[in-house]
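Beneath this line is the structure, given in structure tokens, with notes to follow.
The values are calculated or read from the model by the stated rules, or taken from the named source; none is laboratory data. Here the structure is a predicted model, which is why all the values come from computation and not from measurement. No Cβ is skipped: glycine too gets one built from the backbone with ideal geometry, and neighbour counts run over all protein chains shown. With ligands, DNA and RNA removed, areas are computed over all heavy atoms of the protein, side chains included. Shrake-Rupley method; radii C 1.70, N 1.55, O 1.52, S 1.80 Å.
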Amino acid sequence: MGVPDTMRAVRIAGHGGPEVLEVTAVAVPAPQAGEVLVQVSAVALNNTDLWTREGAYGRPGDPEALSGWRGPVDFPRIQGADVAGRVVAVGDDVDTCLLGRRVVADPAIYDAEGPDANPVGLMGSERDGGYAEYVTAPAERVHDVTASPLTDDQLATLPTAYGTALGMIERGRLRAGETALVSGASGGVGLALVQIARVRGARVLAVSSRAKIAAVREAGAHEVVDRARDIAGQIRAAAPDGIDVALDVVAGDLLREGLPLLREGGRWVIAGALGGHTVTFDVRRLYLHNAQVIGSAMHTPTHFDLLMDLARQGEIQPVIAATYPLDQAAQAQNQLARRTHVGKIVLHP
């Protein structure tokens, strides 16, 4: 079966609410030299979709400016960073052995070549993404997961959430036997942190709303504290010797209250600011205890390789909260914004 000339896609023509999501027919992109064309079987939603659509990222020196993930968005833009599917065409200089293979695309656009490059752009923000029937990607950024026991829906949940989680864990140097604190544990990144930290042999202490505590425990957390109560007091009771690594997507007051709970040489890794991006804390808790605060934006190519190894081995089990057809992308984003679910939301083109 050949590739059609046109496809259905969901794109945005500007920043705004869910109403700016437009279901439309566009040309199927042609893979350029070094690229492949992927027929999308599943694309997962992330907070990055909401914040890119809203222009909520700000810019250096102008935090209130409307902006995509790393700057102005070139509209119209097809959203969607997290793609699983099959390679149906290849561009020049690409090995045809990829044809027909089940793949996951690394959505990051990196600042350099090499295994430790930093992400400076993202599919669905700085280039078109997977809210479509087809998407192109650099051949070096698609990973063959044909043998993985995970479903296509599960595979689609991995790139942003699990990639971000693994980047946090690697940058925080989490080791077996250490105690890890996971904030926002019922969200996509939070559940990924719980699962990967558990695989790494850490003792996992998670923070969640009361209604989702059972689901977070089922994902692998050893202890779960209720975010509506005294979080610091609950953490002290559950980990009287302190926290080795905090894996935080909340920041805000949690960072200020939590820093004194780090053990000597502890690391506090931040990859989100759901609780607020302006924070005041006592810096003495850093230098007197040789503690570190570490920023972490997604993953490096090395981290993503490690993640794909976990996927091929089935060592992680992503949770699917809901699925929607592509033309209900706005409804899916509304559900994501309500944050009443546990796990990931997936679109089917």
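On the chain, 48 percent of the accessible area sits on carbon and sulfur atoms, based on a 1.4 Å probe.
Note on the chain: antiparallel DSSP beta bridges, both residues inside, total approximately 55 percent of the bridges counted. Which far-off residues, 5 or more places away or on another chain, put their amide H under 5 Å from the one on L122, with H placed in the peptide plane? Here the answer is I109, R127, since their amide H atoms fall under 5 Å of that of L122.
With a simple spin-label model that places each label point 7 Å from the Cα along the Cα-to-Cβ direction, the separation between T6 and A176 comes to 5.7 nm. Binning the alpha carbon pair distances of segment 94-245 at 10 angstrom intervals from zero yields the distribution 10, 32, 31, 19, 7, 1, expressed in whole percent. Its residues counted as N, the chain yields a C-alpha radius of gyration over 2.2 N^0.38 Å of 0.98.
Over all projection directions, the Cα-based convex hull of segment 163-266 averages an area of 5.7 nm².
With a cut-off of 12 Å between beta carbons, the residues surrounding L205 carry a summed charge of 0, where Lys and Arg count +1 and Asp and Glu -1. Normalised per residue, the accessible area of the chain is 41 Å², obtained with a 1.4 Å probe and no contribution from ligands, DNA or RNA.
Annotation: peptides 135-141, 69-75, ranked by per-residue average of other Cβ atoms within 10 Å with the highest first, follow the order 135-141, 69-75. Only the Cβ atoms of Lys and Arg (+1) and of Asp and Glu (-1) were treated as charged; on that basis the dipole of the chain about its Cα centre amounts to roughly 1220 debye. Peptides 173-184, 89-100 ranked from most to least packed give 173-184, 89-100, packing being the mean of other C-beta atoms within 10 angstrom over each peptide's residues.
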